[in-house]
Amino acid sequence: MIQRTTLLRALLVPVGVCALLSTASARAAGPTGAGAWARQVTTGDGRVVATITTLDGTVHIGGVDVELRAVDGNVILAKTITDGQGRVTFPDVPAGRYTIRASRPGFVPTDSTPFDVRGGQAAQVLLNIDLTFVAESLEVRAPISPTQSVQPVSTSDMMSSSVLEIAPIEGDDFQSLLTLLPGVLRGPDGRLRAKGGQPTQGALQISSASLVDPSSGDFDLELPASSLESVEMLANPFAAEYGRFSTSVTRIDTKRGTNEWRVEPGNLMPRFRKGFSGIRRFEPRFSVRGPLQKDRLFLAQDIQFRYVNDPVKSLPGEPEIGLTSFDSFTRIDSVLSARHSLGGLVVIFPRTIEHLTMNTFRPPEATPTFSQNGSSVGVQDRFAVSPLMVIESTFAGRWFEIDVGADGQDPMIYTPETEAGSFFNDQKREVSSAQWVETLSLALDRGRGEHLFKFGFDFQHSGYEGTSTSRPVEIRRLDGSLAERSVPGAATEQEVTAAELAVFAQDRWRLGSRVTLELGLRLDREDIIQRVNWSPRGGVTVGVLPEGRGILRGGVGRFRQRTPLNVGAFGQFEERSVTRFGADGAPLGPSVTLVNIPPSELETPEAVTGNVEWNQRFGRRVLFKANYLRRRGEDEYILEPDPAHGEVRLQSTGRSQYWEFEATGRYLGGERRDITVSYVRSHGSADLNNYDQFYGNLRNPILRPNEHNLIPTDVPHRLLVRGTIGLPGRWDLAPVIEIRSGFPWSAVDEFQDFVGARNRAGRLPRVRNLDLSLTRPWTFRKYRVRAGIRVYNIFGASAERDVQSNTASPRYGQFFNPIERSIGFVLGSAR
C-alpha cells in the first residue's frame with residue numbers, strides 16, 4: 001500500500017525538486033506546528049531557519065512562498081521560497097519579534113505564532129500548512145529575478161501579475177508586463193522583441209501548450225489581466241521539454257479558483273489624453289472565482305474589454321491607432337482523488353486594430369485594419385503512478401481567423417514626403433492547431449545525488465487556408481513623377497498543413513546542497529522542410545557562498561526555431577512585375593517579373609546560446625544579479641531578390657549575433673519599499689531581409705537586396721528603474737523610469753533604395769521617460785478598493801518615434817511623433 005506521506009511527496013515534490021539549491025543546513029526536528037527555539041551562532045545579528053510541512057509535519061513542501069514579517073507594523077522584511085526539503089534561511093536578521101507566513105497555490109496561507117530573534121542565535125521555526133486541493137503546477141520555480149536565496153538552473157525573469165495593480169504600465173496585458181523586464185523591448189513596429197531576437201523567434205505557452213500562431217509565428221493571443229498569476233521569460237532554458245524557439249520562452253501562469261467565492265472588478269477608470277481631450281485607454285475587467293464543489297471542483301472566470309487609442313501627433317487632426325477587443329478566460333480545476341487532478345481552460349480573444357502601422361509618413365488611408373476572431377481550449381491531466389512517478393497529459397486546440405485589409409482599392413503610393421492611396425495587400429487566413437504533450441517524471445536518489453528525469457513527446461498538427469490579394473505599388477519622386485511601379489499578379493490561395501513531432505529527455509541532477517546539473521536532449525521533426533533536428537543543452541548551478549548568498553550559474557545549448565506554415569506557402573503567393581522610370585517618364589529598362597521560387601532544400605533556423613550569471617544577496621535587503629549572454633543564430637529564413645533571373649529566392653542562410661551584459665540590483669526594504677534598478681549593455685546584428693516582414697501579418701511591399709547589419713532594436717544602453725515606495729497615509733508611489741539609446745534607422749533615396757549601410761544613418765533620439773502612479777487602499781462600507789492616479793511621460797521628455805529618412809525630402813533627418821503626456825485613474829479591488 002502506498003503510504004499517505006510518500007504519495008503526497010510524489011504529488012508535490014518530484015517535478016523541479018532538483019532544480020533548486022538548498023538554503024538551509026540545519027535539519028528540522030521536534031514537534032509539529034509552529035514553534036521556535038535557538039542555538040548559538042557566531043554572527044552579530046540573528047538568523048531564522050524555517051521548515052514548512054503539511055499533513056501534520058509528515059511531508060516537507062518545496063516551492064512555498066515564505067515571508068519574514070516584523071510583528072511591529074506587520075512589515076515584510078524578506079521573501080524567498082522553500083527548497084526541496086521545505087526549508088528556507090533568512091540570515092542577518094536584527095533582534096526583534098517576527099512571524100513567518102507561508103503560502104502556495106492549493107494550500108491555506110498560514111502564519112506562525114510570533115517568535116523572538118536574538119543576536120548571535122538562530123531561531124528555527126516549524127510551520128504546518130493545510131492542503132486545500134492538489135495544485136495544478138507540479139514544478140517548483142524561483143520567484144522574481146534578480147535573485148532570492150533559492151534559484152533554478154536556467155536564467156529567467158519573472159513578473160507577478162500584482163505589478164499590474166500598482167505600476168504605471170502601458171497596457172493592462174501580459175505583453176505590457178514583459179516590457180518591464182530588462183531584456184525585452186517593444187520595437188519600432190510595436191511588437192515585442194526579447195533578447196535581440198525577432199518577434200517570431202520566441203515561444204509562448206501556458207503549461208505545456210503552445211500559444212503561438214503556427215502560420216506566422218506571432219503571439220496572436222491575449223488574456224484578461226486578472227487571469228494572470230505571473231509571466232516568466234526564460235532566455236535559454238536548458239530543460240529539453242522547451243522547444244520550437246531560438247531566442248526565449250514566455251511562460252504564463254494563470255490563477256486558479258479558490259475555496260471561497262470572490263467577485264472582483266478591476267481597472268474601472270479610463271486613462272485620458274493630455275488636457276482630458278479624449279480617452280486614451282479604457283480596459284475594465286471582471287473576475288469570479290470559487291468552488292463548484294468545495295475542495296473538489298473550482299472555477300475561475302475572467303473577462304476584459306479593451307478600448308485603446310494611440311494618437312499620431314504629427315499628422316493633421318492627430319488620428320489614432322485604435323484597438324478594440326473582448327477577452328475571456330475560463331478555467332476549471334478538479335481533484336479526482338489524492339493521486340489524480342484534472343484541469344481545463346477556454347480562451348476567447350476577438351480583436352480589431354484600426355489604422356495599424358500608421359505613423360507620421362503613413363496617414364490613415366494608407367494603413368490596414370487587422371481583425372482576428374479566435375479561441376483556444378486545453379485539458380491537462382496529472383496522475384501519480386507511484387510515489388516516485390508522475391504522468392502528465394496535455395491536449396490543446398486553437399482555431400482562429402485573421403483578416404488584414406485596406407479600406408480602398410487604390411494603388412499604394414510612396415513619395416519622399418509621405419505615403420498615399422490604399423494599403424497594398426489584403427489577406428485572410430483560417431488557422432487551426434491541435435497539440436498533444438505526454439510526459440513522465442521520475443525522481444530517484446541513488447546515493448550520488450538526487451535525479452529528476454523527465455521524458456516525453458510533443459505532437460502538434462496545424463494547418464491554414466488563406467487568400468492574398470495585392471494592388472500596385474508606385475514610388476514617386478518629390479516632383480510627383482513616377483520612379484518605380486510594381487504590379488502584382490492575380491489573387492492567390494494558400495493551403496499548408498504540417499505535423500510536428502518532438503521527443504525529449506532531461507535530467508536535473510542535484511549533487512549535495514550546492515550543485516545542480518541540468519542535461520537535456522531534444523529531437524524535432526519538421527514537416528514543412530522535412531528535417532529531423534537534435535538540440536543538446538546543459539547547465540550548472542553552484543552555491544559558491546553558503547545559505548544562497550552567492551550563486552553562480554551558466555550553460556550552453558542549441559535551440560531550434562519552428563518553421564511557420566507561411567514558409568511552406570511561399571511559392572503560392574502572387575508574383576510581381578517591376579518597372580523603373582526616368583525623370584522624363586520613359587522606362588529605364590524592360591519590366592522584370594519576380595516569381596517566388598520555392599527552395600529545393602531548407603535548414604531549420606537555430607541558435608547556439610550560452611550565458612554566465614552571478615547572483616548575490618547582501619544582508620537581508622539587497623539582491624544583485626550580473627549576467628552575460630551571447631547568441632549566434634544560423635540558417636534563418638531570408639529573402640533575396642534576383643532580377644537577373646526573375647526570381648525572389650527564399651533561403652535559410654541568414655545569420656545573427658547578439659550579446660548583452662545585464663546588471664540588476666534590488667532593494668527590499670519591506671512590503672512597501674521595493675526598488676529594482678537594471679542596466680543592460682547590448683549589441684545585435686542580423687541579416688535584415690527576414691521572411692516575416694514580407695509575408696507575416698504586416699507586409700512590406702518593397703524588397704531590396706539583403707544586408708547584414710544592426711538589428712532594428714539595437715540598443716547599446718538601457719537603464720530601467722521600477723518599484724514601490726510607501727508614503728505616509730498608506731499612499732504607495734510606484735515609478736517606472738526608462739532611459740535608453742534610440743533605435744537605429746536607414747536612409748533611402750527617391751527610388752526607396754537604401755543609401756549607405758542599412759540601420760547606420762543615425763539613431764532616433766534618446767528615450768527619457770518617467771511614469772508614476774500614486775494609489776492607496778480605501779474602505780467604503782464593507783468594500784475595500786485601491787484608488788489613485790497615474791501619470792505617463794510626466795516630464796513630456798519622451799523622444800520622437802518617427803524620422804524622415806528619405807534623402808530627397810527637405811525634412812530629411814528630422815524627427816516627429818513624440819509620446820504625449822497622459823493621465824489615468826486607478827479604481828479596483830484591494831486585497
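The values are calculated or read from the model by the stated rules, or taken from the named source; none is laboratory data. Please read these numbers as outputs of a predicted model, since none were measured by experiment. Cβ coordinates were reconstructed from backbone atoms using ideal geometry, including for glycine residues, and neighbour counts include every protein chain displayed. Quick note on the areas: whole protein, heavy atoms, side chains included, nothing else; ligands and nucleic acids left out. Shrake-Rupley method; radii C 1.70, N 1.55, O 1.52, S 1.80 Å.
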Would you be able to say whether some residue in segment 739-761 is under 26 Å from the mean Cα position of the chain (by Cα) and among the aliphatic types (A, V, I, L, M)? yes
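Residues checked against (1) at pLDDT 95 or above; (2) surrounded by fewer than 18 Cβ atoms within 10 Å (Cβ to Cβ); (3) in a loop (DSSP other than H, G, I, E, B):
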residue	(1), (2), (3)
Gly275	no, yes, no
Arg281	no, no, no
Arg289	no, no, no
Asp295	no, yes, yes
Ile303	yes, no, no
Asn309	no, no, no
Pro316	no, yes, yes
Thr324	yes, yes, no
Phe329	yes, no, no
Within segment 365-376, can one find any residue that is free of Cβ contacts under 8 Å to residues at least 60 places away in the same chain, assigned to a loop (DSSP other than H, G, I, E, B) and within 16 Å of Phe305 (Cβ to Cβ)? no
Test Thr775 against the criterion of being within 30 Å of Asp732 (Cβ to Cβ) and without any contact (Cβ under 8 Å) to a residue 60 or more places away in the chain, and give yes or no. no
Being more than 24 Å from Gln427 (Cα to Cα) and either assigned to a strand (DSSP E or B) or among the charged types (D, E, K, R) (or both), is that true of even one residue in segment 561-568? no
Which residue out of Leu345, Leu336 is surrounded by fewer than 21 Cβ atoms within 10 Å (Cβ to Cβ) and assigned to a strand (DSSP E or B)? Leu336
Single residue of Leu770, Leu733 found to be more than 30 Å from Thr467 (Cα to Cα) and surrounded by fewer than 18 Cβ atoms within 10 Å (Cβ to Cβ): Leu733
Filter segment 174-219 down to the residues that are of a type in the set (D, E, K, R) and either surrounded by fewer than 22 Cβ atoms within 10 Å (Cβ to Cβ) or free of Cβ contacts under 8 Å to residues at least 60 places away in the same chain (or both) and list them by number. Arg186, Asp189, Arg191, Asp218
Among residues belonging to segment 707-720 that are hydrophobic (A, V, I, L, M, F, W, C) and in a strand (DSSP E or B), point out the one that is nearest to Asp189 (Cα to Cα). Leu710
Test set (1) modelled with pLDDT of 90 or more; (2) out of contact with any Ser or Thr (no Cβ under 7 Å at 6 or more places or on another chain); (3) surrounded by 15 or more Cβ atoms within 10 Å (Cβ to Cβ) - Leu588 fails condition number: (3)
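Every residue, every condition in (1) part of a loop (DSSP other than H, G, I, E, B); (2) modelled with pLDDT under 95, yes or no:
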site	(1), (2)
Arg666	no, yes
Tyr679	no, no
Ile702	yes, no
Pro705	yes, no
Leading residue by the ranking (nearest to Arg620 (Cα to Cα)) among those in segment 523-539 that are open to solvent by less than 50 Å² (accessible area, probe 1.4 Å) and assigned to a strand (DSSP E or B): Gly539
Looking only at segment 491-522, how many residues end up being open to solvent by 20 Å² or more (accessible area, probe 1.4 Å), assigned to a strand (DSSP E or B) and closer than 24 Å to Ser432 by Cα? 7
Take the residues of segment 411-434 that are of a type in the set (Gly, Ala, Ser) and without any contact (Cβ under 8 Å) to a residue 40 or more places away in the chain: which is farthest from Ile702 (Cα to Cα)? Ala434
Confirm whether Gly723 is open to solvent by 30 Å² or more (accessible area, probe 1.4 Å), outside any loop (DSSP other than H, G, I, E, B) and touching a residue at least 12 places away in the same chain (Cβ under 8 Å). no
